[in-house]
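Let me begin by presenting the structure, written as structure tokens, before commenting on it.
The values are calculated or read from the model by the stated rules, or taken from the named source; none is laboratory data. Only a predicted model underlies this, so the values are computations on that prediction, with no experimental measurement involved. Here the Cβ positions follow ideal geometry from the backbone for every residue, glycine too, while neighbour counts run over all protein chains shown. Surface accessibility is based on the protein's heavy atoms, side chains included, excluding ligands, DNA and RNA. Shrake-Rupley method; radii C 1.70, N 1.55, O 1.52, S 1.80 Å.
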Amino acid sequence: MIPSEAKVEAQAKLNLFLRVLAREESGYHQIETLFCRIALADTVTVRPTPSGRTLECHGERMPADGLGPVEKNLAWRAASAYADATGFPSGFEIDIEKRIPVGGGLGGGSADAGAVLRALNALNPAPLDTTSLLMIAEALGADVPFLTQDRAALAIGLGYGEQLELLPSLPTRAVWLLIPDVAVSTADAYRWLDEEGRSRGTRAIGVPDLLNWGAIAEVATNDFESVVGAKVSMIGRLLAGLRGQELRELLGDSPIVLMSGSGSTVAVVSGPRPPDHWLALRPIAGIEIVETQTSEFVEPVVLTH
């Protein structure tokens with residue numbers, strides 16, 4: 001029986017290490033990053049149709065002013081690109097329940113795009129091979145290839161993020177996402193880095209540096225933090241406060257405090273779940289706290305017949 005729809009839990013990501021390399025003549029920057037999937041996810045449902053194309057977004061994370069024109073939505077663009085490349089499907093209906101904060105550096109739009117590509121490929125009677133599917137993902141954005149592949153929850157990203165070195169999963173760790181009530185434009189963050197004029201070299205980390213949480217904590221860094229923290233004072237204060245010795249001692253073995261992507265979300269990846277002292281941080285004016293955890297696997301595509 002031919003499946004009628006595919007559903008995917010589109011997991012968000014953290015950048016547990018992020019270096020921005022020199023600006024190229026094209027205006028783009030190559031990066032070196034460590035991608036990590038987390039449990040927080042949007043629910044993406046895709047249905048092939050005989051004709052027409054629709055996208056509906058709803059849920060607790062929908063911005064009051066919406067997500068902008070549908071044709072610019074990454075999930076829509078992913079479905080359109082897949083249909084153009086394969087001739088399947090003739091039409092589609094996409095439904096997205098948003099739980100990942102929009103514009104927080106957690107890859108929500110990219111996760112939705114990756115979920116759509118995986119869903120359509122699972123529905124397609126003549127699916128693409130992995131390399132061809134990732135070529136479509138690569139054209140959509142730096143985070144999309146990692147959030148399209150289904151073999152690893154942890155990977156090094158090189159180039160523009162599309163060159164992936166998949167890593168073994170690590171044991172699940174608790175994660176707290178601190179989401180300031182401010183937005184950071186990725187374009188602005190890159191411009192601030194360029195204006196700073198800091199020299200950036202070549203690759204700095206390798207697989208042996210990333211095989212356990214203690215090793216990752218030793219190398220965890222994000223090049224955007226210095227400029228974003230200086231330009232957006234709330235983020236700078238938040239990072240400094242979370243890295244204070246007293247709080248770090250509450251967070252267990254090898255804690256990681258890091259801004260994800262170009263911000264604005266600051267992630268705390270702890271050792272064993274810390275005691276209730278953590279709750280003393282609530283409420284923090286202008287900051288929302290979301291509790292989740294790292295993932296050891298990629299959520300599968302679920303088909304309905």
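Six or more apart or on different chains, Cβ under 9 Å: which pairs go from a residue in segment 127-139 that's touching a residue at least 60 places away in the same chain (Cβ under 8 Å) to one that's charged (D, E, K, R) and crowded, with 17+ Cβ neighbours inside 10 Å? Could you list them? Listed pairs, sorted by first residue: none to list. In the set (1) under 15 Å from the mean Cα position of the chain (by Cα); (2) crowded, with 23+ Cβ neighbours inside 10 Å; (3) of a type in the set (Gly, Ala, Ser), Ala142 fails one condition alone, (2). When Ala81, Ala64, Ala122 are screened for being out of contact with any Asp or Glu (no Cβ under 6 Å at 6 or more places or on another chain) and within 15 Å of Pro145 (Cβ to Cβ), only Ala81 passes. Of all residues in segment 165-186, those that are more than 27 Å from Gly241 (Cβ to Cβ) and buried (at least 20 other Cβ atoms within 10 Å of the Cβ) total 0. Among the residues of segment 255-290 satisfying the criterion of being modelled with pLDDT of 75 or more and over 16 Å from the mean Cα position of the chain (by Cα), which is surrounded by the fewest Cβ atoms within 10 Å (Cβ to Cβ)? Going through the qualifying residues, I end up with Gly286. Checked against (1) part of a loop (DSSP other than H, G, I, E, B); (2) open to solvent by 40 Å² or more (accessible area, probe 1.4 Å); (3) at pLDDT below 95; (4) in contact with a helix residue (DSSP H, G or I) (Cβ under 8 Å, 6 or more places away or on another chain), Ala126 passes all but condition (3). Cβ-Cβ below 7 Å, separation at least six or inter-chain, first residue in segment 210-236 and more than 14 Å from Gly105 (Cβ to Cβ), second among the aromatic types (Phe, Trp, Tyr) and not in a helix (DSSP H, G or I): which pairs? Cβ pairs passing all conditions: Val219/Phe17; Ala220/Phe17; Thr221/Phe17.
Taken together, Thr202, Thr294, Thr304 contain a single residue that is over 26 Å from Glu9 (Cβ atoms) and either of a type outside the set (Asp, Glu) or modelled with pLDDT of 90 or more (or both), which is Thr202. Ala81 satisfies every condition listed in (1) in a strand (DSSP E or B); (2) surrounded by fewer than 21 Cβ atoms within 10 Å (Cβ to Cβ) except (1).
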